[in-house]
Amino acid sequence: MNLRRQLLLVSLLTLVLPWAGCQFIRETESALREGQKNMLGGTAQAIADSLSQFPAQFLASGSDGIFRERQIYAHPLEVEPLIDGYADDWTVSEASSRSLRGVDGDIRFTFGTFRQHVFLQAHVQDDSVVYAPSPATGTAANYDRIELTSVDAEGNRDLFVFASEAPGALIGRRRTEDGLVEESRIQAHWLSTPDGYRLEARMPRRLVGEFLGFAVINTDAVDRRGVRSASFQGAAPGRFITASPFLTTVIAGYLQPDLRLIVTDRAGWRLATAGQIVGGRERAGSAGWLRAAYNLVVEQGEQAALAEPHPLGRERETYIVSALNGEPASAWFRSADTGRAIVAVAQPVWSGNVQTGAVILQQGTAAILSLTNTALGRLLNFTLIATLGVALALLGYASWLSLRIRRLSAAAERALDDDAARLALPSALSSDEIGDLSRSFSQVLRQLGNYNDYLRTLASKLSHELRTPLTIVSSSLENLEHEALSDEAAQYTARARDGAARLKKILDAMSEANRVEELMQNVEPESFDLRSALESATSAYADAWTKRRFRLDAEVDDAVLHGSPELIMQMLDKLIDNAVGFSREGDEIVIRLSRDDGRSRISIFNPGPPLPEKMRHQLFDSMVSMRTGNAGEHLGLGLYIARLIAEGHGGTISAENVEGGVEFRIDLPEGQVAGG
């Protein structure tokens, strides 16, 4: 991984800043919400203390604080519905309709109160409606109808019947000793629907006792038998529970903006409701990405819909049940779609040692939400800009830093390849770590240059220093041969002379490099045809090394060079000798001549072992050899001499591993004058 990518990854650590900011916002939002809970809890306690003075109001609504399945709850209506059979003007939603048990939801009904009247809305699914005969005076189950059973505190029982001869307005009937008589104070409307019929009725509150039951008689169109479905079993209906106007008036005095107050009896029936929570406006217009980010940051609560008053009139949320059991509790709700949040508290109401009900306060968190939403938006904007700026700055710095390192690396490689170890490297004057590295490289390259200079002159120095002692040894051995020696001494003398002869060959090879350098400076250049010279040399090599095969591939007809043909052939001899030394009997050594961009190229291929990668840059240095074992006079000077000749003619020499062996390449410019 390069330096830029590493610093780019490091720049991602700046994302810790928005994460920490989000955590801070989350903690702030939790602290503000907890403070709001405490404030609402104190307010709820004060309201509960004031309501404890009115224990009778919790019973006047018809509730005895005990829940029974047969009880009927009447919702308080905000406006008076029009008696026309339609439910669109009811302020109680259709979701509040209650299904009768045991009839699979085929019958739904809802009661409501407005001022001094009780309203009924019922929807019955019936494939074949059997209308009442004219006049409908009997009580036999021979037509479809709806019945209301009312029982007052003294046990007096009334039966109200709603039956129609045809869809339209009708007057409810009351059962008396004389049968069913019309009750003009009861208005109703029978509306036919595709799946049955709908009934809407209004009756004075004083006609309804403390107990009320609802029943539907569905008559079969064929055998005229009626099936009765009722909200109660047996003869006694359940209590009729209504909201308390007095408690509603009392809690209205505690209203605040965006606050809802609910009072329930011991069983959870809603006796009073005041105020409402403004929803959906806190985050109107917020960007989708900001809403998603907010949902990830803030603590998740229960669904906001659970905070709404229960459509059946009985509150059973966990925190409310806790208050009905005498323990204050709190909860909070939040909508994931709009971000609307609601803090709710429930406080029991005590009258002396008796719990009469509970008071519930619910308040929206518009201020908290607006504050945290704004803070989150600004935090995300600032941190994203800061992160982007830091990433770009680090990327630019990494690019500049990697450029300096690449320039330093390229200069170091160039210094080695071009034999310019004493050249100054980039950033040598900088005071940072790269400057220190550049100066260290320069010092190493200077030492390497001095060492290379020493190696280049080592051969000539050794040749000069050893030649005189070798001459003395050789002459002494010659004189010794003329003396009378034993057979064993003569054998040792012959071995010494062989060793001296080999040593002389080595010294001659060491001196050859110096002679080549001197010749390159003093040679008289001449023009010659390189192709003809290679053809003649190839034939000579085939005669000299009969156990190898030689082949010349010339891609050009003529290649005129200006230089020393003797030195060029000497260079070629060194390369061929190297190829023969690293090949096996029967191998083919190929000599190619080609032209590339105005330069003549000589390529010599031998199927020998590949070059070690670490030796490629040192292969043409003085005193460097890859031969193993007893190499005789091979001291690594042959390729060094070949390099001197190639560079003396303005060319270059290189070696590459190719498929099946090694290829040496010499590029010589045409028209170049050697020694110039």
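The values are calculated or read from the model by the stated rules, or taken from the named source; none is laboratory data. If you're wondering where the values come from, they're calculated on a predicted model, not measured in any experiment. Virtual Cβ from ideal backbone geometry, glycine too; neighbours counted across all protein chains shown. These area figures cover heavy atoms from the full protein model, side chains too; ligands, DNA and RNA do not enter into them. Shrake-Rupley method; radii C 1.70, N 1.55, O 1.52, S 1.80 Å.
Just a few scattered comments:
- Residues that are assigned to a strand (DSSP E or B), out of contact with any helix residue (DSSP H, G or I) (no Cβ under 7 Å at 6 or more places or on another chain) and surrounded by 17 or more Cβ atoms within 10 Å (Cβ to Cβ) within the stretch 563-601 comprise Gly563, Val590, Arg592, Arg599, Arg601, listed in sequence order.
Here is a yes/no grid of residues against (1) at pLDDT 90 or above; (2) open to solvent by less than 10 Å² (accessible area, probe 1.4 Å):
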site: Phe111; (1), (2): yes, yes
site: Val118; (1), (2): yes, yes
site: His123; (1), (2): yes, no
site: Val129; (1), (2): yes, no
site: Thr137; (1), (2): no, no
site: Leu148; (1), (2): yes, yes
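- All positions within the stretch 198-247 that are without any contact (Cβ under 8 Å) to a residue 60 or more places away in the chain, of a type in the set (A, V, I, L, M, F, W, C) and under 17 Å from Arg68 (Cα atoms): Ala235
- Criterion (open to solvent by less than 60 Å² (accessible area, probe 1.4 Å) and at pLDDT 70 or above) met by exactly one of Ala509, Ala484, Ala500, Ala421: Ala500
- Within the stretch 657-671, the residues that satisfy the criterion of being closer than 14 Å to Ile602 by Cβ and in a strand (DSSP E or B) are Glu663, Phe664, Arg665, Ile666, Asp667, Leu668, Pro669.
- Of all residues in the stretch 294-332, those satisfying the criterion of being in a strand (DSSP E or B) and at pLDDT 85 or above are Arg314, Ala329, Ser330, Ala331.
- Any chance Ser402 is at pLDDT 75 or above and loosely packed, with under 12 Cβ neighbours inside 10 Å: no
- Among residues of the stretch 62-88, those that are within 20 Å of Val124 (Cβ to Cβ), of a type in the set (D, E, K, R) and out of contact with any Pro (no Cβ under 8 Å at 6 or more places or on another chain), counted: 2
- Scoring Phe620 on the criteria (1) buried (at least 18 other Cβ atoms within 10 Å of the Cβ); (2) at pLDDT below 80; (3) touching a Ser or Thr at 6+ places or on another chain (Cβ under 7 Å) leaves a single failure, condition (3).
- Among residues of the stretch 161-183 that are of a type in the set (S, T, N, Q), those with a Cβ under 8 angstrom from a residue that is surrounded by 12 or more Cβ atoms within 10 Å (Cβ to Cβ) and part of a loop (DSSP other than H, G, I, E, B), sequence gap 6+ or separate chain, pair up as Ser164/Tyr131; Ser164/Ala132.
- When the stretch 202-255 is limited to residues that are open to solvent by 70 Å² or more (accessible area, probe 1.4 Å) and among the β-branched types (Val, Ile, Thr), the one that is nearest to Ala274 (Cα to Cα) turns out to be Thr249.
- Residue match in the stretch 366-379 (condition: at pLDDT 70 or above and either open to solvent by 20 Å² or more (accessible area, probe 1.4 Å) or in contact with a strand residue (DSSP E or B) (Cβ under 6 Å, 6 or more places away or on another chain) (or both)): no
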